[in-house]
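Undergrad: I'd like to ask you about the structure that follows.
Readers should treat all values here as calculations from the given coordinates under stated rules, not as data from a laboratory. Being a predicted model, the structure only gives us computed values, none of them experimental. For neighbour counting, all protein chains shown are included, and Cβ atoms are generated from backbone atoms with ideal geometry for every residue, glycine included.
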Amino acid sequence: MKISQLRVGLPQEIETKSGIIVTAIMKSEVSGPVMVTEEGLEGDGWGSPEVHGTPQQIICAYPQENYAYWKDLMPMDFGSFGENILLTDCDEHTVRIGDICEIGEVVLELTYPRKPCATLNKVWDNNEIVKLMSKTGKTGWYYKVLRTGAIEKGMPVKHITQDPSQPTVFEAWMSR
């Protein structure tokens, strides 16, 4: 696996057809190193920190390869799902709950699948996004931070441990 993009964003008001919402889903690509702390990526935040900013879901990752599926259905650019880390050479079928990954000096633990929320539908004015993410299992996943440090685009993501008895992110999502 490798980081193809790092993205951060702070909460902002977004005008949608259902009214103004506060969200941090609109994240911008970062060039250069970004500090990873136990509170998340430097410069990142959550529109609903009581829901999204827990230690178990500090960093949201999404497989770059999933965007090929979305491009066939709707115009979605990298970062459209509010992910912090866009990864290559992996997907929900190849990573497992409990995976420990090292990115340079940073160590992360994969905690669980990302639960798609209605904010995605509102921001992109499409009521099918959450349904399709749920149906296909193309959800992405969350990491918690075990060791802090700096990461940047292009860095390899190395599995330190992967327990084959643990479910893949796809299996965990589909069994919920």
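Undergrad: How compact and how long is region 1-143, expressed as Rg and Dmax of its alpha-carbon atoms in Å?
TA: 14.4, 43
Undergrad: 5 Å is the cut-off here: which amide hydrogens, built 1.01 Å from N in the peptide plane, fall below it relative to Lys2, excluding neighbours closer than 5 in sequence?
TA: Answer set, sorted by chain and number: Thr88, Val157.
Undergrad: List, in the order given, every pair from Lys71/Lys122; Lys17/Lys144; Lys17/Lys153 whose Cα-Cα distance in the structure shown is over 28 Å.
TA: Table pairs above 28 Å Cα-Cα are Lys17/Lys144; Lys17/Lys153.
Undergrad: Another question about this same structure. In a GNM of the chain with a 10 Å cut-off on Cα contacts, which of Leu86, Leu41, Leu146 has the highest mean-square fluctuation?
TA: Leu146
Undergrad: OK, next. So who's got an amide H within less than 5 Å of the one on Thr16, skipping anything under 5 residues away but keeping other chains? H placed 1.01 Å off N, in plane.
TA: Correct list: Ile21.
Undergrad: Using θ = phi - 60° and the Karplus relation 6.51 cos²θ - 1.76 cosθ + 1.60, list the HN-Hα couplings for region 47-60 in order, rounded to whole Hz, with x at every Gly or Pro.
TA: Once rounded to whole Hz, the list reads x, 10, x, 5, 9, 9, x, 6, x, 6, 9, 6, 10, 9.
Undergrad: How far is the Cα center of region 29-46 from the Cα center of region 56-83, in Å?
TA: Value for the Cα centre distance between the two parts: 18 Å.
Undergrad: Mind listing which GluC sites (Glu not before Pro) in region 72-124 are in a DSSP loop and have 16 or fewer other Cβ atoms within 10 Å? Write out the running numbers ahead of the final one.
TA: Numbers: sites: Glu83, Glu92, Glu102, Glu105, Glu109; in loops: Glu83, Glu92, Glu105.
Answer in residue order: Glu105.
Undergrad: Dividing the Cα convex hull volume of region 60-129 by residue count, how many Å³ per residue is that?
TA: Each residue corresponds to 99 Å³ of Cα convex hull volume.
Undergrad: Here's something else I'd like to know. Taking the Cα centre of region 80-141 as origin and charging only Cβ (+1 Lys, Arg; -1 Asp, Glu), how large is the dipole, in debye to the nearest 20? Working shown, then result.
TA: Details: 7 positive and 10 negative charges, 95 e Å.
Dipole magnitude for region 80-141 comes out near 460 debye.
Undergrad: So if I take the centroid of the Cα atoms in region 115-142 and the same for region 88-109, what is the distance between those two points in Å?
TA: About 22 Å separates the Cα centre of region 115-142 from the one of region 88-109.
Undergrad: Cβ under 9 Å from Arg147's Cβ, Arg147 left aside: what net charge do those residues give with Lys, Arg +1 and Asp, Glu -1?
TA: Details: positive: none; negative: Glu102, Glu105.
Residues close to Arg147 contribute a combined charge of -2.
Undergrad: May I pose another question? Which ³J(HN,Hα) values, rounded to whole Hz and listed in residue order, are derived for region 112-121 from phi using the Karplus coefficients 6.51, -1.76 and 1.60 in 6.51 cos²θ - 1.76 cosθ + 1.60 with θ = phi - 60°, glycine and proline given as x?
TA: Each residue's phi maps through the Karplus curve to give 5, x, 6, 8, x, 10, 4, 4, 4, 4 Hz.
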